Amino acid sequence: MRCPVCKAENDDAVCRRCKADLSLLVTLEETRRNFLAEAARAAASGDGARTLEHAEAAHRLRADHDSWRWLAVSRFLLRDFAQAASYWQRARAVK
């Protein structure tokens, strides 16, 4: 995780360079990973609505390749193929 204060890469809740408290960001990222995992579980069971719900929650926290990908999967499961293709293109663009 990149420190928003000094931009150093970190693996801990305290920045190794400037000692900023990153615990809120660590919690936020953990929550986001949980939403993505729930989206994957919902997709595995074929539940497009729940996949979309969890993918959107993760995307609101931080938009990236994974969130765009799960948004695309959710739209595919909901048979909204045009939107699925649009989201997939965005996922590929931010890879």
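The values are calculated or read from the model by the stated rules, or taken from the named source; none is laboratory data. Values in this document were obtained by computation on a predicted structure and should not be read as measured data. Positions of Cβ are backbone-derived with ideal geometry, glycine not excepted, and every protein chain shown enters the neighbour counts.
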Filtering region 30-71 down to residues that are small (Gly, Ala, Ser), closer than 25 Å to MET1 by Cβ and in contact with a helix residue (DSSP H, G or I) (Cβ under 8 Å, 6 or more places away or on another chain) yields ALA39, ALA40, ALA55, ALA57, ALA58, SER67
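Each row is one residue, and each column tells you yes or no for (1) among the aliphatic types (A, V, I, L, M); (2) out of contact with any Ser or Thr (no Cβ under 8 Å at 6 or more places or on another chain); (3) at positive phi.
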site	(1), (2), (3)
VAL5	yes, yes, no
ARG16	no, yes, no
ALA20	yes, yes, no
ASN34	no, yes, no
ALA55	yes, no, no
ASP66	no, yes, no
LEU78	yes, yes, no
TYR87	no, yes, no
Tell me which of these ALA55 doesn't satisfy, since it passes every other one: (1) in contact (Cβ under 8 Å) with a residue 12 or more places away in the chain; (2) out of contact with any Leu (no Cβ under 7 Å at 6 or more places or on another chain); (3) closer than 26 Å to VAL26 by Cα; (4) not acidic (Asp, Glu).
-> (2)
Every pair of residues 6+ apart whose Cβ atoms lie under 8 Å, when the first sits in region 73-95 and is under 13 Å from ALA39 (Cβ atoms) while the second is part of a loop (DSSP other than H, G, I, E, B) and of a type outside the set (Asp, Glu) = LEU77/GLY46
Does ALA40 fit the bill of being at pLDDT 95 or above, in contact with a strand residue (DSSP E or B) (Cβ under 8 Å, 6 or more places away or on another chain) and either under 19 Å from ALA84 (Cα atoms) or not basic (Lys, Arg) (or both)?
-> no
The number of residues in region 1-46 that are closer than 30 Å to LEU77 by Cβ, surrounded by fewer than 11 Cβ atoms within 10 Å (Cβ to Cβ) and of a type in the set (A, V, I, L, M, F, W, C) is 1
Only unsatisfied item for ALA20, checking (1) under 14 Å from the mean Cα position of the chain (by Cα); (2) over 19 Å from TRP88 (Cα atoms); (3) touching a residue at least 12 places away in the same chain (Cβ under 8 Å), is (1)
